[in-house]
Amino acid sequence: MAESVVKTTAEKIIDPQHASKRISLKEKVSYGFGDFGNGFMFDLGQSYLTNFYTDVAGISAAAAAGVFSITKIFDAFMDPLAGSIIDSRTPGKRGKFRPVMMVSSVLLAIMTVIIFIMPSGLSPTMKIVYAYATYMAWGVLYSFTNVPYGSLASVMTRNVDDRSFMASTRQAGSIGAQLVTGVAFVPIMLLFSNTKVGYAVTAAIMAFIGICGFFICYINTKEHIHAENSRSKERETMKDYLRVVFTNRPLWSLILMTLFTISAMNTNNQMMIYFCKYNLNNIGLQPIINFIMMGCSVAGITLIPFLVKKFGKKKTAIGGLIIGVVADALNFVIPTNIVTFIILVTIGYVALAIPNGVTWAFVSDTIDYGHWHTGVRKEGITYAAFNFSRKIAQSIAALVSAGILAATGYIANAHQSSTTLLGIKGAMTIYPAVALLLAAIIITLLYNLPDDKFKQIANDLENGRWEKGTFIQG
């Protein structure tokens, strides 16, 4: 390795010796509360907004598909903007990421309630316009909440074991929020005779809990790894950002994998309420199935640190994806039966939760890889590039979910045809099976940052080295 000194794009490590130290259990668990809070706002939009649009607001399934797909593409382009703005911040007393995360989460909570309110007296066209405007505004605030939260993990520690533990606490927070919202949302909403009021009040309750989750994360975590660009006084060019993102092969393999894993998960969540209401003829089963499915997932992801330690992150992710493929494919082939459906959908969801949890450790590793590979550290823009794929995946899920409803002749609050019922079942089962198979192939062939290589990279960074030289000290 060359020992040249980087004079233009290098960084000095302010506190390198802390990077390999273990952080406290309280801090690692508190980090997971951020995604717990996030889920109380994000999951409402993914799981219930389509149903609110079609069955309450009176927007057609085709129009709802357009709202979700186009808005998510808009959101995807907001993430790099949010990342670049956050990266340009000078760290303050509370750090670079945590203050932005906390303020934005409060604004996001307010907008979460607003998207579940449809003003009376609007024409069909104005309802669609209102849906676009409010959901796009929600997406902007989500970017400024989620990008700093996701970037935060990379500056808390570089310890591999701590990162895998934080990945599991984050996924536990995410699934925990899905569990609570999935079980409680519909029963609380049904307490109100006026469904419109029920949606708005329930969204407000969930959003408040979301703020509390973010506050726990904000108050109990700390940004231990501080890095400062030697060009901090100069204007950074677009070339700097493109070099950080487009030369990062591990990041791009995660981006491609995530297109399929997140679209599979979101399609499952969006279609569950339709499957219970129409295929199983009992909407009351939705919170029960969600409780079983997500409760088992919370228990399953506690195995992530053990599995990663025994098999490594890559093999753990691939194993979960393959199990999910088998379970979802069987669920499509087997005739609809409530017992077999619950068993197989639970197995598939737990299997998917594990690679989704490992992904958070992958992302932190790719941020450090980009730093080591280019000599420039850009946590926000790197995480934003990854989050871009999540937004596109959410757009794909919206197209699959609402698009299948529209294509198969779905009629809100009516008896559905056999074609529509098959479409709902296919979206719940066969689409996730195909998506997870593609994700497994991608991570197997393209991801080239095994744990041993990352440990070497972390050691280089802690000792002031990057791939082609050393960082300027002082």
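The values are calculated or read from the model by the stated rules, or taken from the named source; none is laboratory data. Small disclaimer: the values here were computed from a predicted structure and weren't measured. Here the Cβ is made from the backbone with ideal geometry for all residues, glycine too, and neighbour counts use every protein chain on show. Keep in mind that these areas ignore ligands, DNA and RNA; they rest on the heavy atoms of the full protein, side chains included. Shrake-Rupley method; radii C 1.70, N 1.55, O 1.52, S 1.80 Å.
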Compactness summary of region 316-389: radius of gyration and Dmax from Cα atoms, Å, are 17.5, 56
³J(HN,Hα) computed for each position of region 185-201 - Karplus, 6.51 cos²θ - 1.76 cosθ + 1.60, integer Hz, glycine/proline x
4, 5, x, 5, 4, 6, 5, 9, 5, 8, 4, 4, 5, x, 4, 5, 5
Of every Cα-Cα pair in region 23-225, the percentage lying beyond 21 Å is 54
Could you tell me how far the Cα centroid of region 140-175 sits from the Cα centroid of region 443-468, in Å?
19
Distance histogram in 5 Å bins (all Cα pairs of region 411-470, percent per bin)
4, 14, 12, 10, 9, 8, 8, 8, 7, 6, 6, 5, 4, 1
Using the crude model of +1 on Lys and Arg Cβ and -1 on Asp and Glu Cβ, and no other charge, please compute the dipole size for the chain relative to its Cα centre, in debye to 20.
500
Which residues in region 427-458 have a backbone N closer than 20 Å to a point placed 7 Å from the Cα of Lys310 along the Cα-to-Cβ line?
451-452
Express the carbon and sulfur contribution to the solvent-accessible surface of the chain as a percent, rounded to the nearest whole number, probe 1.4 angstrom.
69
Backbone N within region 423-447 under 16 Å of label point (7 Å from Thr340 Cα along the Cβ vector)
425-426, 429-430
Taking only protein heavy atoms and a 1.4 Å probe, what accessible area per residue, in Å², does region 236-464 have with all protein chains in place?
35
Once you place label points 7 Å from the Cα toward the Cβ at His224 and Ser418, how far apart are they in nm?
6.1
Does region 267-344 come out rounded, prolate or oblate, given a ≥ b ≥ c as the square roots of the eigenvalues of its C-alpha gyration tensor, rounded meaning a/c under 1.5 and, failing that, prolate meaning a/b above b/c?
prolate
Got a sec? Charge dipole of region 23-225, +1 on Cβ for Lys and Arg, -1 for Asp and Glu; which of Thr202, Leu179, Tyr149 is way out at the positive end?
Tyr149
In whole angstrom, how far apart do the alpha carbon centroids of region 372-428 and region 282-346 sit?
19
Ranked from the most accessible area to the least, with a 1.4 Å probe and all protein chains present, what is the order of Lys196, Lys72, Lys309?
Lys309, Lys196, Lys72
So if we plug the beta-carbon distance of Asn282 and Lys468 into 1/(1 + (r/R0)^6) with R0 = 56 Å, what FRET efficiency do we get, rounded to 0.05?
0.35
How large is the accessible surface of Cys296 in square angstrom, using a 1.4 angstrom probe and rounding to the nearest 10?
60
Debye calc, one equal point scatterer per Cα of region 308-353, no solvent, log10 I(q)/I(0) at q = 0.19, 0.30 1/Å comes to -0.57, -0.98
From the phi angles alone, apply the Karplus equation (6.51, -1.76, 1.60; θ = phi - 60°) to region 404-411 and give each ³J(HN,Hα) in whole Hz, x where the residue is Gly or Pro.
5, 4, 5, 5, 9, x, 4, 10
Karplus couplings for region 117-124 from phi (6.51 cos²θ - 1.76 cosθ + 1.60, θ = phi - 60°), rounded to Hz, Gly and Pro as x?
10, 10, x, 6, x, 7, 6, x
Kindly give Rg over Rh for region 351-439, based on alpha-carbon atoms, with the Kirkwood expression for the hydrodynamic radius.
1.17
For Leu81, Leu421, write out the residues from largest to smallest accessible area, computed with a 1.4 angstrom probe and no ligands counted.
Leu81, Leu421
When the Kirkwood hydrodynamic radius is evaluated over all pairs of different C-alpha atoms of region 326-474, what value in angstrom, to one decimal, is obtained?
18.7
How about Lys468: which lysines have a C-alpha closer than 19 Å to its C-alpha, ignoring those fewer than 8 places off in the same chain?
Lys7, Lys12, Lys239, Lys378, Lys453, Lys455
Given charges at beta-carbon only (K, R positive; D, E negative), |dipole| of region 23-225 in Debye
440
The chain - Rg (one decimal) and Dmax (whole number), Cα, Å
22.0, 72
Once normalised by the length of region 236-464, the mean sequence separation of its alpha carbon contacts under 8 Å that are 6 or more apart gives a contact order in percent of 40
For Lys196, the lysines lying under 23 Å Cα to Cα, once residues fewer than eight places off in the same chain are dropped, come out as Lys127, Lys277
If a/c stays under 1.5 just call it rounded; otherwise compare a/b with b/c (prolate if a/b is bigger, oblate if not). Do that for region 258-303, with a ≥ b ≥ c from the square roots of the Cα gyration tensor eigenvalues.
oblate
